[in-house]
Amino acid sequence: MSEKLIYITDNDIKRLRELIEKAKTLDHEDKKYLKELRDELNKGEVVSSKDIPPNVITMNSKVRLRNMTTQKEMVCCLVFPEDSNADQGKISIFAPIGTALLGNKVGDIIEWKVPAGLMKLKVEEILYQPEAAGDYHL
């Protein structure tokens, strides 16, 4: 994960911390990623949902990304684990790419290690951010 400052809404951090605690007590298949997510949350700057800039990826944001190696674009939505569906482009926050996306903004390049090497995605556009649309979720 990168060391740059990321922004997380107060609603998202509350729900994600609760989710991490719950998942730790279960035999959760994504358990190995909980530490990475917890580390990301700990280094993020918490911002009120009403004050989060509209160019920041929050939970349930739909974003357009560009693979910096292939230049191919993809659209995905960052979701809570129970809503994930790869066929629909819904990426769980517990997945390494999901954890990497949270709190980044348009123009950022997100890097993380995959078996084939280092993956780099550029955040091209936020197509939908709940907070910018007035959808303040808990």
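What value, in deg cm²/dmol to 500, does the helix sum -39500 (n - 2.57) over DSSP H runs of n ≥ 4 give at 222 nm once divided by the residues of the chain?
Numbers: 3 runs with 32 residues, N = 138.
Roughly -7000 deg cm²/dmol at 222 nm, from the helical runs in the chain.
What full-extension length gain, to one decimal in nm, is calculated for L127 and T25 as 0.36 nm per residue of separation minus the Cα-Cα distance? Walk me through the numbers on the way to the answer.
Values: separation 102, 0.36 × 102 = 36.72 nm, distance 3.51 nm.
Result for the pair: 33.2 nm of gain on full extension.
How large is ³J(HN,Hα) for each residue in region 72-78, as worked out from phi by the Karplus curve 6.51 cos²θ - 1.76 cosθ + 1.60 (θ = phi - 60°), to whole Hz, x for Gly and Pro?
My calculation for region 72-78 gives 6, 9, 9, 10, 8, 10, 8 Hz in order.
Quote the relative contact order of region 7-128 in percent (integer), defining contacts as alpha-carbon pairs under 8 Å separated by 6+ residues. Provide the component values of the computation, followed by the final result.
Working: 211 pairs, mean separation 32.0, N = 122.
This gives 26 percent for region 7-128.
Given q = 0.22 Å⁻¹, what are the Debye log10 I(q)/I(0) values for the chain, with equal point scatterers placed on the Cα positions and solvent ignored?
So the normalised log intensities are -1.55.
How far apart, in nanometres, would the label points at E73 and L5 be if each is projected 7 angstrom from Cα along the Cα-to-Cβ direction?
Using points 7 Å along Cα→Cβ, the separation is 3.0 nm.
Every read-out reported here was derived from the displayed coordinates using simple, explicitly stated rules and does not represent laboratory data. These numbers were taken from a predicted model, which means no experiment stands behind them. Cβ atoms come from the backbone with ideal geometry, glycine included; neighbour counts cover every protein chain shown.
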